[in-house]
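Data first, discussion second: the structure below is written as structure tokens.
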Amino acid sequence: MISGLSEVGYEERWKILGLTTLETRRLRGNLIQVLKILKGYENVDQEVCFDMSQSSLCGHTLKLNLKKRLDVAKFSFSNRVLNEWNIFDKEIISGCSFSGFKRKLDRHFRDKRGYI
């Protein structure tokens, strides 16, 4: 515990300290993992996790579709990241390097979502 912050609530504490929430850090890590899977940097068959969208009318070309699954899989990795991944602008996904993607992702969280 940091001195002087014991009476401050969780959200106010992370704002004062300039930190991100655990939820944001988990989401960021999951989205980075999606990029690794889609770019082939992980030894995971992307067909098992994701259905690629055939439409590129709006946004980027790596849009994902929801796979038909049992109800028990509704909180699975692919279902958790699907909506967040699909709202990205083309500029976020188009980064060639992971460090570039991470910078763009952090900027997206800060500017569009209000996260630090």
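Coordinate-derived values only; no laboratory data. Predicted, not measured: the structure shown is a model, and the values here were computed from it. Cβ atoms come from the backbone with ideal geometry, glycine included; neighbour counts cover every protein chain shown.
Using the Cβ-Cβ distance between Arg25 and Ile87 with R0 set to 22 Å, the FRET efficiency from 1/(1 + (r/R0)^6) comes to roughly 0.70. Computing FRET efficiency as 1/(1 + (r/R0)^6) for Asn65 and Ser99, where r is the C-beta to C-beta distance and R0 is 25 Å, gives about 0.30. Relative to the current alpha-carbon distance between Glu7 and Glu47, full extension at 0.36 nm per residue lengthens the span by 9.6 nm. Karplus-based coupling profile of segment 78-94, in residue order and whole Hz: 5, 6, 5, 9, 4, 5, 5, 4, 6, 7, 4, 6, 4, 5, 6, 6, 6, with θ = phi - 60° in 6.51 cos²θ - 1.76 cosθ + 1.60 and x standing for Gly or Pro.
The amide H of Asp51, built 1.01 Å from its N in the peptide plane, has Asn65, Lys67 as neighbours under 5 Å, considering only residues 5 or more places off or on other chains.
Excluding same-chain neighbours fewer than eight residues apart, the aspartates and glutamates reachable from Lys74 by a Cα-Cα span under 20 Å are Glu23, Asp45, Glu47, Asp51, Glu84.
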